[in-house]
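The structure under discussion appears below in the form of structure tokens.
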Amino acid sequence: MMKAAPLPAIILFMLSLVLNLWFAGAPDWRWVPAAAGGWYIADLLSGLTHMYMDYRPCTPGVGLDEMFHYSGSRESAEYLALRDRVLPRISPFERLVYDFKNHHPRPEALGRRSFMVQIGSTILLVSLPFSILLNLLCLMLALPGWLIAGAVVLTIGGTLAQYFHGTLHRPDNPWIVRTMRRIGLLMTPEAHALHHASLRRDFATNTGWSNPLVNAVFRVATRRGWLTEAGLEPR
Ligand SMILES: [Zn+2]
Ligand SMILES: [Zn+2]
């Protein structure tokens, strides 16, 4: 399951991001296309990650299928005991894989999670290491300011990907999310519904700008048998 990141990791991440912005120096016009590029790549990464996690098979025979298809209340003692028996048998990464599959029959559950839980795993596994790596690169090389600024925008877009996905599954969102949707910087729930209708298209969940490209990758990956239907549900 997704977890909130510990506070020191979040503080370290913020400091590292601010340091990168400081390395970027004074803004100029090149920051605008660089920021748009960073926002596009964040969307692309949200789509490729989502596609992989949806179709990567779960470990068979550990009871994940029983959890997935459990028909009673998910608050019942029986379900909680099942969950406590099954989850310790799989790695933290596999729990994330399960989370993606579990999202299809129960999409609202993601929207109900707290902000910190939605972004915790991404910070620990991806954003914090990436941001620190960028700090080190800035120390060693004279990177252009626009490139660093684009990388910071990419980091922010990538970090918030699961939060943005969650906003597509809840009605009450802050004004900034509604405004960004209106001007096309975030996708709409209607556009994301196309993914849930077939699970075979439109995996990107930030802006959806990269969906034509991700859909082309999906077609190649399924034609060659790299991704198969069998991976969509635990068995
Ligand atoms: Zn999906
Ligand atoms: Zn969704």
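Some observations on this one:
- Residues whose placed amide H lies under 5 Å from that of residue 186, excluding near-sequence neighbours: 181
- The angle between the Cα long axis of helix 189-198 and the main principal axis of the chain comes to about 40°, on a 0 to 90 degree scale.
- Here the chain exposes an accessible surface that is 68 percent carbon and sulfur, computed with a 1.4 Å probe and the other protein chains kept in place.
- The Cα trace of the chain gives Rg and Dmax of 18.9, 59 Å, the first to one decimal, the second as a whole number.
- For the range 208-235 versus the range 37-73, the spacing of their alpha-carbon centroids is 12 Å.
- Nonlocal amide H pairs with residue 227, under 5 Å, H built at 1.01 Å: 222
- Each of 173, 96, 218 was scored by the projection of its Cα onto the charge dipole of the chain, and the greatest displacement toward the positive side belongs to 218; charges sit on the C-beta of Lys, Arg, Asp and Glu.
- The 3J(HN,Hα) values that the Karplus relation (6.51, -1.76, 1.60; θ = phi - 60°) gives for the range 58-66 are, in residue order, 7, 4, x, x, 10, x, 5, 5, 5 Hz. Gly and Pro appear as x.
- Take the chain with all the other protein chains still there, run a 1.4 Å probe, and you get 53 Å² of accessible area per residue.
- Derived scalar couplings ³J(HN,Hα) [the range 24-37; Karplus, 6.51 cos²θ - 1.76 cosθ + 1.60; whole Hz; x for Gly, Pro]: 5, x, 6, x, 9, 4, 5, 5, 5, x, 5, 5, 5, x
- Average Cα contact separation per residue, the chain, under 8 Å, 6 or more apart, as relative contact order %: 39
- Dipole magnitude for the range 39-189: about 260 debye, using +1 per Lys or Arg Cβ and -1 per Asp or Glu Cβ, origin at the Cα centre.
The values are calculated or read from the model by the stated rules, or taken from the named source; none is laboratory data. Note that the structure is a prediction, hence the values are computed from the model and not measured. All Cβ positions, glycine included, derive from the backbone under ideal geometry; neighbour counts span all protein chains shown. Ligands, DNA and RNA are stripped out before the accessible areas are found, and what is left, the full protein with its side chains, is counted by its heavy atoms. Shrake-Rupley method; radii C 1.70, N 1.55, O 1.52, S 1.80 Å.
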